[in-house]
């Protein structure tokens, strides 16, 4: 079994019309054994940038703290707010720096840049991919791809985006033993961020 699948994760980011959403499950496991059901995998970097970290639990916490530090340092030096595209490049560089002893995380970045959705995903050494519709990560990516391709439509409004993300996440984790136990959905709009918790199957 891959070390990336040791703790389990399910994560989706999806674009809408002037909004973007990111959702993840909340289970932290040691393979088939559940350790916690409130583990935070999606981290708020700013009001317009969220990062989802799927992979080894200890590296998720370390990387999220490092990213917040690097973002604050950038804004202190540059005297301006960091944009999602810049943050994605910073994350990619940070992961590549550690390529010989990498963080075992496969991140996805979701944000709003000048009112338009920004989505990117990368592997554990920072090779990025950019998309206009959705990006997934974690141990049930095959299930997530299937449900997202079935339910995604362009130009979702924020409420439609929340509903679609929720249904995609809940349907996918039901078929993956390493993720689940509820979820969290963040919808980012120009007016602010709305966060809702989902209750899922607990078996």
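Here are a few things to note about the model shown:
- Residues of region 42-65 satisfying the condition of being outside any helix (DSSP H, G or I) and farther than 16 Å from residue 189 by Cα: 42, 43, 52, 53, 54, 55, 56
- Restricting 46, 88, 24 to those that are out of contact with any strand residue (DSSP E or B) (no Cβ under 7 Å at 6 or more places or on another chain), surrounded by 15 or more Cβ atoms within 10 Å (Cβ to Cβ) and either in contact (Cβ under 8 Å) with a residue 24 or more places away in the chain or within 17 Å of residue 194 (Cα to Cα) (or both) reduces the list to 46.
- Subset of region 1-21 [touching a strand residue (DSSP E or B) at 6+ places or on another chain (Cβ under 8 Å) and closer than 17 Å to residue 181 by Cα]: 6, 7, 8, 9, 10, 11, 12
- Residue within region 113-125 that is in contact with a strand residue (DSSP E or B) (Cβ under 9 Å, 6 or more places away or on another chain), closer than 11 Å to residue 20 by Cα and either in a loop (DSSP other than H, G, I, E, B) or without any contact (Cβ under 8 Å) to a residue 60 or more places away in the chain (or both) present: no
- Scanning region 99-109 for residues that are touching a residue at least 12 places away in the same chain (Cβ under 8 Å) and over 16 Å from the mean Cα position of the chain (by Cα) yields 99, 102.
- Consider region 144-166 and keep the residues that are without any contact (Cβ under 8 Å) to a residue 60 or more places away in the chain and touching a helix residue (DSSP H, G or I) at 6+ places or on another chain (Cβ under 6 Å). The one that is nearest to residue 36 (Cα to Cα) is 147.
- Region 171-194, residues that are surrounded by 13 or more Cβ atoms within 10 Å (Cβ to Cβ) and closer than 20 Å to residue 19 by Cβ: 183, 184, 185, 186, 187, 188, 189, 193, 194
- Filtering region 133-145 for residues that are within 18 Å of residue 42 (Cβ to Cβ) and over 17 Å from the mean Cα position of the chain (by Cα) leaves an empty set.
- Applying the set (1) touching a strand residue (DSSP E or B) at 6+ places or on another chain (Cβ under 6 Å); (2) modelled with pLDDT of 95 or more to residue 140 leaves exactly one unmet item: (2).
- Residues that are in contact with a strand residue (DSSP E or B) (Cβ under 6 Å, 6 or more places away or on another chain), touching a residue at least 60 places away in the same chain (Cβ under 8 Å) and closer than 22 Å to residue 111 by Cα do not occur anywhere in region 60-72.
- Restricting 96, 74, 103 to residues that are in contact with a helix residue (DSSP H, G or I) (Cβ under 6 Å, 6 or more places away or on another chain), at pLDDT 95 or above and not in a strand (DSSP E or B) narrows the list to 103.
The values are calculated or read from the model by the stated rules, or taken from the named source; none is laboratory data. Values in this document were obtained by computation on a predicted structure and should not be read as measured data. FYI the Cβ positions are ideal-geometry reconstructions off the backbone, even for glycines, and counts take in every protein chain you see.
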